[in-house]
1. State in Å² the accessible area per residue of the chain; use a 1.4 Å probe, count heavy atoms of protein chains only, and round to the nearest integer.
2. Amide H to amide H, which residues 5 or more places from residue 62 or on other chains are under 5 Å from it, using H placed in the peptide plane?
3. What is the gain in length, in nm to one decimal, between residue 154 and residue 184 on full extension, counting 0.36 nm per residue of separation less the C-alpha to C-alpha distance?
4. For the peptides 46-58, 13-25, 113-125, what is the packing order when you average, over each peptide's residues, the other Cβ atoms within 10 Å and list the highest mean first?
5. Leaving ligands, DNA and RNA out of it, report the carbon-plus-sulfur percent of the accessible area of region 5-100 at a 1.4 Å probe.
6. Out of all DSSP beta bridges with both ends in the chain, state the antiparallel percent to the nearest 5.
7. Trypsin sites (Lys or Arg not before Pro) within region 136-177: which are DSSP loop residues with at most 14 other Cβ atoms inside 10 Å?
8. Taking the Cα atoms only, what angle lies between the long axis of helix 124-133 and the longest principal axis of the chain, rounded to 10 degrees?
Amino acid sequence: MTEDEKLNGIDDTKRIYVQYDKGDKYGNRWYLETPFYINWSRDTVSFFITNSGKKGKGMPVVRNKQFYFIKGFCWNLINGTRSENDLKFRLTDKSVHDVGGMKLSVINNTYLSNNYIIALCNSKLINKYTESFINFTLNFQMNDARCIPIIIPTKEQLKYINNIVDNAIEIKKLQFNKSITEEKANLELQKIQDKIDKFVYELYDI
């Protein structure tokens, strides 16, 4: 897609449906290819922009659409209690997203990466920290995520975590395409989780 198509919609003579990330009720970590698509024709995008925020059933709300179609990381906005559920962060593809699948992106990959943030936020330490000091409910919003203390890793640490999370993402993809069973995937992902928890505890000197 061109920058103009991302902002203003796709010519109606072309394919006009794009991926739409509106969260994941099953709470997958690491990766999920959204099953949802949205009409992104020029007429539809014009309607979204013109009617954004207007009262009435089905009226759209468009915010910061310049950040659509950028790969990043997201988490679900779900009601519940943190004592029973952990935050679940995952990689998100280049898509349109809404408040149900809030997204942030790492712009400078020299010092950080989306994978690195996902690993930290899926760790036991950060989950317990955010539950105790930031927000103990599962209504974990954008400003809550911005309060997470992030330690800048060394190049070696960043490479190590990038590889681990790439492995987790590949396992999830194999699970989704039925190449491995969910049980097998969970066993492999638990091994990865253990490595990440150990890394994060050491990183934060705990």
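The values are calculated or read from the model by the stated rules, or taken from the named source; none is laboratory data. Fair warning: this is a prediction, and the values are worked out from it, not measured in the lab. When we count neighbours, we look across all protein chains shown, and the Cβ atoms used for this are built from the backbone with ideal geometry, even at glycine. Heads up: the accessible areas ignore ligands, DNA and RNA and are worked out on the full protein's heavy atoms, side chains in. Shrake-Rupley method; radii C 1.70, N 1.55, O 1.52, S 1.80 Å.
1. It amounts to 59 Å² per residue over the chain.
2. Under 5 Å from the amide H of residue 62 lie the amide H atoms of 53, each far enough along the sequence or on another chain.
3. Contour length minus the Cα-Cα distance gives 7.6 nm.
4. Highest mean packing first, the order is 113-125, 13-25, 46-58.
5. Carbon plus sulfur share of accessible area: 51 percent.
6. 65 percent
7. Here the sparse-neighbourhood loop sites are 146.
8. Around 70 degrees separate the two axes.
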